[in-house]
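The values are calculated or read from the model by the stated rules, or taken from the named source; none is laboratory data. Small disclaimer: the values here were computed from a predicted structure and weren't measured. So basically every Cβ, Gly included, is an ideal-geometry build from the backbone, and we count neighbours across all protein chains shown. Only protein heavy atoms, including side chains, enter the accessible area calculation; ligands, DNA and RNA are left aside. Shrake-Rupley method; radii C 1.70, N 1.55, O 1.52, S 1.80 Å.
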Amino acid sequence: SEKLLSQKDNIYFLQSVTNIMRSKNCTKTTLFLDCSKKLYTVSPTSESAANIAILSYQNENYAESVDFYQQAAELETSPTKKAEHYYNAAIVFNILKNKPKARELALKAASLKPNWGDPYILIGQMYADSKETCSSVSLTNSIFWLAVDMFNKAKAVDPSISEKANKLIQTYSKYFPNKEEAFFLNVLDGNPYTVGCWINETTKARFNE
C-alpha cells in the first residue's frame, strides 16, 4: 500500500504493523514477512531474526531460514537462547544436506548449553542416516556405533531425554556390524575404529551376541 511504502523506514510503523498482524494470527502472510525483514534491516535484533527464520522455514525457504537463524544466534546475548538458535540452524542445514555444517552448529549449541541432550540426538541421527552416502566406509555399519555413542552422550548430559535416547539406542544397536565380518577386517571387540567419510570420528568396536 502507499502508506506502507511512504513509511517503510519508520520503525514504529513497522512494529505496529507486525504486532497487529501477529495478534490476528496473520504471521504466515507475505506482508508480515516483508515487514519483518524491513524491521530487521532498520533495527536488527535476535528476536526479529529468529522470527524471519521461522517464517522462511514455514515457507520452505531453507537457505534464508538458516541464514537468519545464524544471525539470530550471533545477535543473542543469552547463551541458552544462542544455543537454541544454533540448534535450529543445525536442523535446517541437515535438511539442506549439509551434515558437516549441521554437526558444527549442533556442537556449538551443546557447548553453550551443556546440559542439553538434543544436539547430540540430532548428530546421532545424522550419523545413522549416513549409511547410504558413506558406502566408502569399509565396515559400513560401524556408523551405528557412532550414532549410539551420541545417544549415550545425550542421556549422560541430559537425563530428561533418557527414554528417547534409550529407544534410539535399542533401534540402532540392532544394526551393529557382524562380528565375523569385522574379524576379517581385523577389527576385534573393544578395538578403536575410525569411521571416515564426512564423519571422520573414532569409536569403539562392540558386537551383539
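The selection criterion, being surrounded by fewer than 22 Cβ atoms within 10 Å (Cβ to Cβ) and at positive phi, does not hold for residue 64. For residue 200, the conditions (1) open to solvent by less than 80 Å² (accessible area, probe 1.4 Å); (2) free of Cβ contacts under 8 Å to residues at least 12 places away in the same chain; (3) not hydrophobic (A, V, I, L, M, F, W, C) all hold with the exception of (1). For beta carbons closer than 6 Å, sequence separation of 6+ or different chains, a first residue in the range 98-112 that is touching a residue at least 40 places away in the same chain (Cβ under 8 Å) and aliphatic (A, V, I, L, M) and a second that is part of a helix (DSSP H, G or I) and buried (at least 18 other Cβ atoms within 10 Å of the Cβ), the qualifying pairs are 110/119.
Of the candidates 209, 201, 163, the single residue that is acidic (Asp, Glu) and at pLDDT below 95 is 209.
Pairs are defined by a Cβ separation below 7 Å, a sequence spacing of at least 6 or placement on different chains, a first member in the range 146-157 that is farther than 14 Å from residue 129 by Cβ and without any contact (Cβ under 8 Å) to a residue 60 or more places away in the chain, and a second member that is outside any helix (DSSP H, G or I) and of a type in the set (Gly, Ala, Ser); the pairs so defined are 154/117; 155/117; 157/117.
So, in the range 143-163, how many residues would count as being over 21 Å from residue 200 (Cα atoms) and either part of a helix (DSSP H, G or I) or β-branched (Val, Ile, Thr) (or both)?
As a first pass, look at the range 143-163 and keep what is over 21 Å from residue 200 (Cα atoms): 155-163.
The next check asks that each one be either part of a helix (DSSP H, G or I) or β-branched (Val, Ile, Thr) (or both); those that pass are 155-157, 159-163.
Final tally of qualifying residues: 8.
I'm trying to understand the selection: among the residues of the range 44-63, which are at pLDDT 95 or above and either within 11 Å of the chain's Cα centre (by Cα) or of a type outside the set (A, V, I, L, M) (or both)? Correct list: 62 only. Going by what's in this entry, would residue 97 be described as modelled with pLDDT of 95 or more, under 18 Å from residue 199 (Cβ atoms), outside any helix (DSSP H, G or I) and within 16 Å of the chain's Cα centre (by Cα)? Taking the combined requirement at face value, the residue satisfies it.
To keep it simple, each residue is scored yes or no on (1) part of a helix (DSSP H, G or I); (2) buried (at least 21 other Cβ atoms within 10 Å of the Cβ).
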position	(1), (2)
88	yes, yes
101	yes, no
105	yes, yes
114	no, no
135	no, no
165	yes, yes
